[in-house]
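Chemist: Pasting a structure below so you can have a look.
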Amino acid sequence: MEINIKRPFPKSTERPFLITGPCSAESEEQVMKIAQQMHDLDIPVDLFRAGIWKPRTRPNNFEGIGFEGLQWLKRVKEEFGYQVTTEVANANHVFEALKANIDVLWLGARTTVNPFSVQEVADALRGVDVPVFIKNPINPDLALWKGAIERIYNAGIERIGIVHRGFSKFGHSIYRNIPLWQIPIELKREFPDLFFVCDASHICGNRDNLLDVSQTALDLNYDGLMLESHWDPDNAWSDAKQQVTPFDLKEKILSRLQMRSSDSDNTEFKNNIEDLRSRIDAIDKELIQMLANRMEVAEEIGRYKKQNNIAILQADRWNEIIDKSMEKAGPLGLSQDFVGKFLKAVHQESIDHQKDVMTADQETVNK
Ligand code: PEP
Ligand code: MN
């Protein structure tokens, strides 16, 4: 399908595009006070955010103030000149938000995950020219994310932005939602011109890693950041742990970020980077060749096991391989986590090759 998405905003080389504001609009005073502080601190707010309808994972949490809060965003727009944005999850939200002249809409992670909801929002948007940001689905499913982009685009929305807010996890992690950077990177590979925003607040779930995650996003050439900010974060009605005051947003995050340019005109830089890239290409080529060699040997083992009626998987041997490589990982500067994952993937591929060999032989026998 031919997709020609337009970037909703121009890219700045000076600073990230900034979407900020509280997780939820709680009261008119709260919304206005946050906007006032941002204005007084000269924070470059490109889009002022506030959730009006809050999709909460469990009931009995604050579920949003509802459509009256839209008027407060309207006031922010009139008094401070900020463009404003909120989350929409159904046709009625779209209708109310557009009626209140909200500048940009976004689809939350719990909406992107559901094609029925995405389609309902898309249908409500038909014939309207408003930029829409699409957050990743809560589960790491690239197809679902792309599906949401396609549904919104097919409804005639051309200015689409992407918000990476991390993915649900089971078990312990330093993140509330694990970033799995490879998923947005894959999306970027397919659609290189998409406007990418990293929602570091929902990835982190607390204040500790906001700077680090934001910097990683800039290093990966993201266009912007979404960072939740509240004048009194500890007493916020939703996502209290991850919000920062406008002052901390400025002093502890924005002023410490380093912008990197995606390219340079300097000839020496270009030559050096080309040289380094060709070394990487050569190593990758070798790696792939070596993996193919490994699979050939694995197939040979498969044939031999078949002849001798031996099972494919021998746990002892597999543990021995893991242990030996893990020992080498540290001194070579590789993390055990990476080496473990790499070996498991290689091992799985070897097993698949061996299985193919065994069933191929079987077919010959059955013929
Ligand atoms: C939010 O932005 O406040 C929100 C609810 O986000 P998400 O959809 O990423 O959970
Ligand atoms: Mn939130």
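Chemist: Condition first: without any contact (Cβ under 8 Å) to a residue 40 or more places away in the chain and of a type in the set (S, T, N, Q). Now tell me which residues in the stretch 304-362 satisfy that.
Modeler: Gln307, Asn308, Asn309, Gln314, Asn319, Ser325, Ser335, Gln336, Gln348, Thr359, Gln362
Chemist: Collect the residues in the stretch 142-178 that are in a strand (DSSP E or B) and charged (D, E, K, R), keeping them in residue-number order. Working first, answer last.
Modeler: Our first condition is that a residue be in a strand (DSSP E or B); within the stretch 142-178, this holds for 159-164, 167, 178.
Across the stretch 142-178, the qualifying residue is only Arg159.
Chemist: Consider only pairs whose beta carbons are under 6 Å apart and that are at least six residues apart or on different chains; among these, list those whose first residue lies in the stretch 230-242 and is assigned to a helix (DSSP H, G or I) and whose second residue is away from ligand 1 (no atom under 12 Å from the Cβ) and open to solvent by 100 Å² or more (accessible area, probe 1.4 Å).
Modeler: From residues that are assigned to a helix (DSSP H, G or I), the pairs are Ala240/Asp234.
Chemist: Now, a different point. Pick from Gln36, Gln30, Gln83: which is within 16 Å of ligand 1 (Cβ to nearest atom) and polar (S, T, N, Q)? Spell out how you get there, then give the answer.
Modeler: Numbers: Gln36 fails: within 16 Å of ligand 1 (Cβ to nearest atom); Gln83 fails: within 16 Å of ligand 1 (Cβ to nearest atom).
Sole residue among the options that is within 16 Å of ligand 1 (Cβ to nearest atom) and polar (S, T, N, Q): Gln30.
Chemist: A further question on this structure: Looking only at residues that are of a type in the set (Asp, Glu) and open to solvent by 60 Å² or more (accessible area, probe 1.4 Å) in the stretch 325-367, which one is modelled with the lowest pLDDT? Walk me through it before giving the result.
Modeler: Of all residues in the stretch 325-367, those of a type in the set (Asp, Glu) come to 327, 337, 349, 352, 356, 361, 363.
Now drop any that are not open to solvent by 60 Å² or more (accessible area, probe 1.4 Å), which leaves 327, 337, 349, 356, 363.
Details: Glu327: 88, Asp337: 88, Glu349: 92, Asp356: 88, Glu363: 53.
Among residues in the stretch 325-367 that are of a type in the set (Asp, Glu) and open to solvent by 60 Å² or more (accessible area, probe 1.4 Å), the one modelled with the lowest pLDDT is Glu363.
Chemist: Taking the condition closer than 20 Å to Pro16 by Cα, touching a helix residue (DSSP H, G or I) at 6+ places or on another chain (Cβ under 8 Å), of a type in the set (Lys, Arg) and crowded, with 16+ Cβ neighbours inside 10 Å, does Arg176 pass? Before the answer, list the steps.
Modeler: Working: closer than 20 Å to Pro16 by Cα: no; touching a helix residue (DSSP H, G or I) at 6+ places or on another chain (Cβ under 8 Å): yes; of a type in the set (Lys, Arg): yes; crowded, with 16+ Cβ neighbours inside 10 Å: yes.
Judged against the criteria, Arg176 is not a match.
Chemist: Determine whether the stretch 254-262 contains at least one residue that is modelled with pLDDT of 85 or more, in a loop (DSSP other than H, G, I, E, B) and open to solvent by 90 Å² or more (accessible area, probe 1.4 Å). Spell out how you get there, then give the answer.
Modeler: Narrowing the stretch 254-262 to residues modelled with pLDDT of 85 or more: 254-259.
This time we only want the ones that are in a loop (DSSP other than H, G, I, E, B), so: 257-259.
Keeping just the survivors that are open to solvent by 90 Å² or more (accessible area, probe 1.4 Å) gives 258.
Within the stretch 254-262 (the criterion being modelled with pLDDT of 85 or more, in a loop (DSSP other than H, G, I, E, B) and open to solvent by 90 Å² or more (accessible area, probe 1.4 Å)), the answer is yes, since at least one residue qualifies.
Chemist: Residues in the stretch 105-114: is at least one under 18 Å from Ala236 (Cβ atoms), crowded, with 18+ Cβ neighbours inside 10 Å and either over 27 Å from the mean Cα position of the chain (by Cα) or touching a residue at least 24 places away in the same chain (Cβ under 8 Å) (or both)?
Modeler: Looking only at the stretch 105-114, we keep the residues that are under 18 Å from Ala236 (Cβ atoms), and these are 108.
Subset that is crowded, with 18+ Cβ neighbours inside 10 Å: 108.
Adding the requirement that they be either over 27 Å from the mean Cα position of the chain (by Cα) or touching a residue at least 24 places away in the same chain (Cβ under 8 Å) (or both) leaves 108.
Looking through the stretch 105-114, at least one residue is under 18 Å from Ala236 (Cβ atoms), crowded, with 18+ Cβ neighbours inside 10 Å and either over 27 Å from the mean Cα position of the chain (by Cα) or touching a residue at least 24 places away in the same chain (Cβ under 8 Å) (or both).
Chemist: If Asp234 meets every condition in (1) open to solvent by 60 Å² or more (accessible area, probe 1.4 Å); (2) within 16 Å of ligand 2 (Cβ to nearest atom); (3) within 30 Å of Pro10 (Cα to Cα) apart from one, which number is that one?
Modeler: Status for Asp234: all satisfied but (3).
To keep it simple, each residue is scored yes or no on (1) loosely packed, with under 11 Cβ neighbours inside 10 Å; (2) within 16 Å of ligand 1 (Cβ to nearest atom).
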| position | (1), (2) |
| --- | --- |
| Ala200 | no, yes |
| Cys204 | no, yes |
| Ala217 | no, yes |
| Leu220 | no, no |
| Ser278 | yes, no |
| Asp281 | yes, no |
| Lys285 | yes, no |
| Gln289 | yes, no |
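Chemist: Right, next: Report yes if Ser12 is among the hydroxyl-bearing types (Ser, Thr, Tyr), exposed (fewer than 15 other Cβ atoms within 10 Å of the Cβ) and not assigned by TED's automatic domain parsing to the domain that holds Ala109, otherwise no. Show your work before the answer.
Modeler: Numbers: among the hydroxyl-bearing types (Ser, Thr, Tyr): yes; exposed (fewer than 15 other Cβ atoms within 10 Å of the Cβ): yes; not assigned by TED's automatic domain parsing to the domain that holds Ala109: yes.
Considered against the rule, which asks whether it is among the hydroxyl-bearing types (Ser, Thr, Tyr), exposed (fewer than 15 other Cβ atoms within 10 Å of the Cβ) and not assigned by TED's automatic domain parsing to the domain that holds Ala109, Ser12 comes out as yes.
Chemist: Out of the stretch 129-156, which residues are open to solvent by 40 Å² or more (accessible area, probe 1.4 Å) and within 16 Å of ligand 2 (Cβ to nearest atom)?
Modeler: Ile138 - this is the single residue of the stretch 129-156 that is open to solvent by 40 Å² or more (accessible area, probe 1.4 Å) and within 16 Å of ligand 2 (Cβ to nearest atom).
The values are calculated or read from the model by the stated rules, or taken from the named source; none is laboratory data. Note that the structure is a prediction, hence the values are computed from the model and not measured. So basically every Cβ, Gly included, is an ideal-geometry build from the backbone, and we count neighbours across all protein chains shown. Surface accessibility is based on the protein's heavy atoms, side chains included, excluding ligands, DNA and RNA. Shrake-Rupley method; radii C 1.70, N 1.55, O 1.52, S 1.80 Å.
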